[in-house]
1. How large is the convex hull of the C-alpha atoms of the stretch 148-190 per residue, in Å³?
2. Compute, for Ser76, the solvent-accessible surface of its heavy atoms (probe 1.4 Å) with the complete set of protein chains present, and express it in square angstrom to the nearest 10.
3. For the chain, what value does the Rg/Rh ratio take when both radii are computed over Cα atoms and Rh is the Kirkwood radius, given to two decimals?
4. Give me the mean projected area, in nm² to one decimal, of the convex hull enclosing the Cα positions of the stretch 110-194.
5. Can you pull the one-decimal nm distance between simple spin-label points at Val191 and Ile162, each 7 Å off the Cα toward Cβ?
6. Could you state the accessible area per residue of the chain in Å², with a 1.4 Å probe and every protein chain left in place?
7. Just how large is the dipole of the stretch 76-192 about the Cα centre, in debye to the nearest 20, putting +1 at every Lys and Arg Cβ and -1 at every Asp and Glu Cβ?
8. Under a crude label model (7 Å from the Cα following the beta-carbon direction), how far is Phe151 from Tyr83 in nanometres?
Amino acid sequence: MLVIVILWFAISVPLISVGAWLGKKHGGLPSLLRVNQIPRQIPPPPKYLRPVPSILATGILPFGAAFIEGYFLFSSIFAARAYYAFGFLAMTSGVVALTTATVTILFVYFLLCAEDYRWHWRSFIAGGGSAVWLLIYGTYYWLSRLSLDSFASTILYFGYLIILASINFIVTGTIGFLAATWAVRRLYSAVRID
């Protein structure tokens, strides 16, 4: 326990201090456009831009890019098989990151075309949409491939599945948000303000 406390104060506290100092020195991101103080009304979105259909639609492509690799990972984690293709896993992760960024940029573009300026959280949620498909596939894998005998094994499986899906949601959501932020800043930097 003492080692954990020492590691906390030797690594985490200096990194937090340096990060706080750099953040205060850098300041916030400037706005590219003048923003009106009175918010505009947002027209009702089309059905495909509502939250649930958009999460399912934007998550299917990144999940599809890693679907086969997901089967091998599930087999190595839950079925005690060896996994050796770490180079292919790294390449697949790059493809998933690129696909997530592209799909989220396209989704945010559709949101902006529909006059919905509240794209920030929607880009994070749309980027993390592949986690929903990971949960669906994990449930299918449990029903079709695994034969867990006890209730405790099933709870353990779904606990690990939820942890994997949560990590996937946070990572791909962050990739989607950063890509959408870059695209929106790039898009609005080309707009002339007179």
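The values are calculated or read from the model by the stated rules, or taken from the named source; none is laboratory data. Just so we're clear, the structure is a prediction, and the values are computed from it rather than from any experiment. Cβ sites come from the backbone with ideal geometry, for glycine too, and all protein chains shown count toward neighbours. These accessible areas exclude ligands, DNA and RNA; they are computed on the full protein's heavy atoms, side chains included. Shrake-Rupley method; radii C 1.70, N 1.55, O 1.52, S 1.80 Å.
1. Per residue, the Cα convex hull of the stretch 148-190 comes to 39 Å³.
2. Rounded to the nearest 10, the figure is 30 Å².
3. Using only Cα positions, Rg/Rh for the chain is 1.07.
4. Spelled out: convex hull of the Cα atoms, projected over all directions, averaged, 7.0 nm².
5. Between Val191 and Ile162, the simple spin-label model gives 4.1 nm.
6. 69
7. That gives a dipole near 320 debye.
8. 3.0
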